[in-house]
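For reference, the structure is listed below as structure tokens.
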Amino acid sequence: MKSDRIIAGLLFFCLLLGVTGCMEAGNAPTQSQVAGLDKLGEVQVFSREEGSGTRSTFAQLAGFDQNSEGQTDLTREDAAIKNNAEEVIEAVKSETASIGYVSKGALADAEGVKALSVNGVGIDTRNSQYPLSRSFYLVYSGTLSELEQDFLAYVHGAGQELVEKSYVPVAKSSTFLSNKEKGRIEITGSTSVAPLIKELAQAYMELNPNAVITVVETDSTDGINKAMTGECDMGMSSRDLEDYEKELLDYEIIANDDIAVIVNADNPLSDITLDLLKRIYVGDIQKWEELNCESR
């Protein structure tokens, strides 16, 4: 009996410590807590560079894209900036207390990281309720050449079979017969869209050996701008176009993608809400243990 009272006292003491920590943070404790978050310490936030379509879409969907003078969005100033999904994955893999976001397609062979469910919806379910979904675009200005038309016909037809391997297709895959047009196409822009376009371009060139398609990775805004000025034939964008961009460019949706929120594989967290993502990325939440004081 005495040992039972001692054990009960210890359990009460541990619970009291958890409650006290939440109260010190100015929050009420939740009934469901994730063991081990308190051992992770400060949240290490990774974000993408300005001009990234993934960054602008993530900020918009998570609710912190309100622009202020000199700011692209409200991402916290101490966030470490990475220039592509591979850099984000490698950084999160290397930092146990880290969090980042990448295209779902970039996770195909990733190790050492895991994708969180968001608002209770997992990224692997192709659930229409997943809250961080977006489209991939090819944009262009003026009349397409016969070669460019042929390539887009492939992308929206037989190419959708390739799209479906890692993304959500926008059309049913269908048979395709190339016109074998000669020429070159230069496509510039989003590093998130580029891997898919490279795969589609390679498959198309096997069907049409007279074509040469080059893909240059920069960012979505650069791709859009260069398509406007004629510095490339097509631009790649992983964000929606602004109204003025839609007026100046034609655009095609080639695939739908989800933005994965990733943490280190050793992080015990499995689910997070959009509101908590916002609070992490604007700097309102500094430590992982604070999530135990909130509703995830």
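Of note:
- Test: residue in the stretch 193-201 that is under 24 Å from residue 60 (Cα atoms) and basic (Lys, Arg): no
- Candidates in the stretch 219-236 are the residues that are farther than 14 Å from residue 191 by Cβ and polar (S, T, N, Q); of these, the one that is surrounded by the fewest Cβ atoms within 10 Å (Cβ to Cβ) is 229.
- Residue within the stretch 86-103 that is open to solvent by less than 50 Å² (accessible area, probe 1.4 Å), in contact (Cβ under 8 Å) with a residue 60 or more places away in the chain, in contact with a strand residue (DSSP E or B) (Cβ under 7 Å, 6 or more places away or on another chain) and of a type in the set (D, E, K, R) present: no
- Conditions (1) open to solvent by less than 50 Å² (accessible area, probe 1.4 Å); (2) of a type in the set (Ser, Thr, Tyr); (3) modelled with pLDDT under 95; number of the one not met by residue 204: (3)
- Considering residues of the stretch 264-296 that are in a loop (DSSP other than H, G, I, E, B) and within 12 Å of residue 97 (Cβ to Cβ) only, the residue most open to solvent (accessible area, probe 1.4 Å): 266
- Per-region count, the stretch 228-276, residues under 17 Å from the mean Cα position of the chain (by Cα) and basic (Lys, Arg): 1
- Within the option set 155, 216, 170, 212, being over 29 Å from residue 47 (Cβ atoms), open to solvent by 50 Å² or more (accessible area, probe 1.4 Å) and of a type in the set (A, V, I, L, M, F, W, C) holds for one residue only, 212.
- Remark: residue 77 falls outside the filter, which requires a residue to be under 19 Å from residue 116 (Cα atoms) and modelled with pLDDT of 90 or more.
- Looking at the stretch 78-183, the helices (runs of 4 or more DSSP H) lying wholly inside it that each contain 3 or more residues that are within 15 Å of the chain's Cα centre (by Cα) and closer than 22 Å to residue 280 by Cα sit at 85-94.
- Top-ranked residue in the stretch 173-201 [being over 17 Å from residue 251 (Cα atoms) and of a type in the set (Val, Ile, Thr); ranked as least open to solvent (accessible area, probe 1.4 Å)]: 191
The values are calculated or read from the model by the stated rules, or taken from the named source; none is laboratory data. Because the structure is a prediction, the values reported are computed rather than measured. Note that we place each Cβ from the backbone using ideal geometry, even for glycine, and neighbour counts take in every protein chain shown. Keep in mind that these areas ignore ligands, DNA and RNA; they rest on the heavy atoms of the full protein, side chains included. Shrake-Rupley method; radii C 1.70, N 1.55, O 1.52, S 1.80 Å.
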